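A.B. asks: Sending over a structure as structure tokens; questions will come in a sec.
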Amino acid sequence: MRFEIMRLDDVDGTAVDSTVVDAASVNRMVLQAAAIGQRIYIRPAECAAS
């Protein structure tokens, strides 16, 4: 499963940028964001129909 992780603006909470990662990378991204006090939003990535 893949997840979209969006970095949020500190002032108004809007998405500044995003990246799509696999499930194994989510924990690492969360730990990195927590270490620097970064606000993030995580949601399942949309899958392309095959």
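The values are calculated or read from the model by the stated rules, or taken from the named source; none is laboratory data. These numbers come from a predicted model, not from an experiment. Because the Cβ atoms are built from the backbone with ideal geometry, glycine has one as well, and the counts that use them run over all protein chains shown.
A.B. asks: Quick check, is M1 modelled with pLDDT under 95 and touching a strand residue (DSSP E or B) at 6+ places or on another chain (Cβ under 8 Å)?
C.D. replies: yes
A.B. asks: OK, next. Taking only region 39-50 into account, find how many residues are surrounded by 12 or more Cβ atoms within 10 Å (Cβ to Cβ) and modelled with pLDDT of 95 or more.
C.D. replies: Final tally of qualifying residues: 4.
A.B. asks: Go through (1) in contact (Cβ under 8 Å) with a residue 24 or more places away in the chain; (2) more than 8 Å from the chain's Cα centre (by Cα) one by one and return the number of the condition A35 breaks.
C.D. replies: Going through (1) in contact (Cβ under 8 Å) with a residue 24 or more places away in the chain; (2) more than 8 Å from the chain's Cα centre (by Cα) one by one, A35 breaks only (1).
A.B. asks: Which of the residues spanning region 1-21 are hydrophobic (A, V, I, L, M, F, W, C) and touching a residue at least 12 places away in the same chain (Cβ under 8 Å)?
C.D. replies: Hits for region 1-21 are M1, F3, I5, M6, L8, A15, V20, V21.
A.B. asks: Just wondering, is there one or more residues in region 22-31 that are in contact (Cβ under 8 Å) with a residue 40 or more places away in the chain, surrounded by 10 or more Cβ atoms within 10 Å (Cβ to Cβ) and assigned to a strand (DSSP E or B)?
C.D. replies: no
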